[in-house]
1. Under 11 Å from a point 7 Å along the Cα-to-Cβ line of residue 56: which residues of the range 6-35 have their amide N that close?
2. If packing is taken as the average number of other Cβ atoms within 10 Å across a peptide's residues, how do 441-450, 74-83 rank, most packed first?
3. Work out from phi, with θ = phi - 60° and the Karplus expression 6.51 cos²θ - 1.76 cosθ + 1.60, the ³J(HN,Hα) of each residue of the range 573-581, listed in order in whole Hz, and give x for Gly and Pro.
4. Please compute the per residue accessible area over the range 537-577 with all protein chains in place, 1.4 Å probe, rounded to a whole number of Å².
5. How large a share of the accessible area of the range 59-100, in percent, is made up of carbon and sulfur atoms when the probe is 1.4 Å and the other protein chains stay in place?
6. Test of understanding: what is the full-extension gain from residue 480 to residue 276, defined as 0.36 nm times their sequence separation minus their Cα-Cα distance?
7. Please report, as a whole percent, how much of the solvent-accessible surface of the range 341-388 comes from carbon and sulfur atoms (probe radius 1.4 Å).
8. Measure out, as a whole number of angstrom, how far apart the alpha-carbon centroids of the range 498-531 and the range 105-183 sit.
Amino acid sequence: SLSKLQLKTGDLDPRLFSRLRHLQKLDLSDNLLDKFPNSLTLPDLRVLNCNNNKLEDVTALKQFPLLEELTYENNVYLTLNDDYKVMFLLQNLRLLNGKDITKLANHVRRVNSRKLTSKVTAHWEKFFRDQLPEKYTAEQVKSIKKKFLKSVQTNVVYGPSSLSEFTRWRVKMIAEEFLAYSLGLELNTDPEPEEKMDENEEESTESPREAAEDAGQVGDFSSYINNVTVTPSKRKRNHSKPGSGNKRSKSQANTKEEAAEDVSAEPLHFLQCHSKGNSREDFKTQLWSCVFEPLLDCGARKDPIVSSSRTVATCGGESICLIDCETGTVLKKYKVATEEFFSVAWTTLTMVISNSRKKSHNILAAAGRRGIVKLIHVAADFCYGEIKAHKKPIATVCFSPTRETHLFTASYDKRIALWDIGIPDCDYNFKASQLLVLEALSIPLRIALVPTCSDQYLLAGCEGGCFAWNIKLDKEQKSRPFEAVFQFPDEDGGMTASHRVDGLAFLNDDVVVSKSSKPGCIYLWSWSRSFDAKGKGCQRTVAAVILAELEWSTTDLSYLTLSTCPAKDYVFCGDEQGSVWMYNLSNYTTAWSSAKGKRTDKRIPPTQILNWPELRANGEQLTEVLINNVVSDPTFTYLVVLTSVNITAIWKKS
């Protein structure tokens with residue numbers, strides 16, 4: 001520690017420091033340093049603290065290539081541009097000013113560099129290549145180099161204006177490398193000070209995560225709605241009168257005090273990030289599926305306070321977005337121009353990286369209208385493969401919770417296939433194979449693996465009913481019919497197995513939540529008690545043992561799906577008016593789980609309804625909003641609401 005010693009740059013003697021070959025941590029905070037000498041060496045330095053100095057430049061830090069943690073807070077001359085410079089220069093940097101920058105740094109080094117390189121090359125091809133004669137002199141080369149470097153730094157723009165200095169710095173570096181490579185010029189490894197750009201020169205307003213149109217790249221900006229006015233409101237149930245549960249109370253909180261007391265979730269962000277062609281006028285793209293990214297247990301990177309991820313993958317139209325729920329930032333965006341995505345699912349694969357070292361990475365599977373599953377290595381910003389799974393659209397996909405490479409795909413071809421997607425090697429080669437085909441009699445819309453035996457039974461809600469299959473892999477049969485179809489009460493008081501089931505999820509190990517057997521109703525039923533009944537006779541049709549009924553909208557619209565938060569005993573379902581119905585069932589689950597658990601007679605009203613706020617786009621109010629899907633993170637901190645009008649709404653539990 002050399003902290004608080006009034007040190008100036010001249011006090012750091014390279015002859016002394018270059019002898020400290022094993023120094024790993026250095027604290028130079030609270031001094032008077034304005035820059036670093038270029039030849040301090042320190043080949044093993046891992047942690048450096050230069051807080052509270054007068055630093056003006058960070059490029060000399062590249063002499064410490066093993067640096068993992070760097071802090072330079074309260075150096076008034078350093079800006080966001082310097083943060084990006086150190087992320088690019090220091091390949092091993094993990095923490096910058098106390099924040100984990102691994103993902104952003106990968107983006108800066110890969111996607112940003114790739115984009116700028118293609119722009120620099122295109123600039124040379126278009127404006128300079130033809131200026132150079134076939135046989136050129138050193139003078140001619142020197143002259144064209146000077147012109148090219150000036151022109152390329154002025155004209156190649158990318159990312160927001162706040163990063164223009166970093167962009168010019170990188171563009172100059174890339175241009176010099178390009179000239180050295182293509183014209184055999186000597187590379188200037190000690191860059192001169194930056195030329196300042198004139199105030200009136202034009203700068204791009206695109207973000208550093210500009211959309212990558214091709215399959216290999218991820219990263220985009222989200223087009224936010226202009227002038228959004230949000231007025232949250234909520235309907236509260238009146239539980240005081242007996243029998244009032246069946247009447248839908250529309251009363252809204254009248255006073256601000258009352259509203260503040262009532263609302264247990266508040267609106268954080270409304271994003272319009274799946275627009276076709278990034279159009280701000282697109283309020284038609286339907287959003288279908290969203291899943292929270294699993295937390296990677298990576299030692300130091302694991303946050304002791306955060307027990308679940310705040311990053312969610314959403315899909316709709318031609319794109320998939322990765323969104324940070326807290327900030328509302330679209331971290332990455334992946335597009336396929338001819339696709340309409342219907343479903344996304346996460347798995348964590350342990351991949352071999354260099355020198356036989358293993359590392360866990362989150363992989364996102366996405367599928368839709370084309371019947372193709374795309375496999376995306378999110379941290380590397382890379383779609384590394386695809387599986388041509390079905391000839392017709394894929395309605396939904398899900399991974400096995402116990403076998404990380406096993407992926408189920410449910411298709412409009414009336415089949416559910418089980419795939420082993422394999423594990424990609426360090427060159428992203430992988431081998432996918434089909435393990436099973438489950439024959440459905442109608443289109444499967446939702447699938448769920450039975451939590452207590454996820455390698456043995458799969459449930460599916462289909463256009464023609466609710467079915468179960470045996471998926472145990474030790475059986476010979478590769479193509480399998482269903483084992484059971486479940487009957488539910490119909491509107492005439494009888495039982496029916498033939499109805500559309502467009503919502504299906506497990507609330508806990510045994511309780512299934514399913515929707516759409518008749519309008520205005522969501523059933524909770526026991527998997528074990530229903531399925532055990534099958535064993536007594538060998539009938540393929542069994543009556544679902546109903547535990548309770550949830551009161552819901554009377555709409556007959558389909559495909560407004562439901563979800564559960566098992567850790568908090570919550571069920572969520574959106575409706576045709578933009579509202580989200582939330583049911584806290586923690587007071588009921590114990591009674592249901594007992595062997596003779598009785599049915600709850602009265603329909604259970606929602607604990608709360610979140611109303612769609614008044615949103616204005618271009619001055620006009622958005623109306624006719626359907627809620628296609630609602631998903632919470634595992635700890636119910638965030639609620640992500642997907643709509644029929646290209647809006648992703650994010651609520652936070654208050």
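1. 34-35
2. 441-450, 74-83
3. So the J values, rounded to whole Hz, are 8, x, 10, 7, 10, x, 9, 10, 8.
4. Here the per-residue accessible area is 38 Å².
5. Here it works out to 51 percent.
6. Extra length from residue 480 to residue 276 when fully extended: 69.5 nm.
7. 48
8. Answer, in whole Å: 60.
The values are calculated or read from the model by the stated rules, or taken from the named source; none is laboratory data. All figures in this text were calculated on a predicted structure; none of them were measured in a lab. So basically every Cβ, Gly included, is an ideal-geometry build from the backbone, and we count neighbours across all protein chains shown. All accessible areas refer to the heavy atoms of the entire protein, side chains included, with ligands and DNA or RNA removed. Shrake-Rupley method; radii C 1.70, N 1.55, O 1.52, S 1.80 Å.
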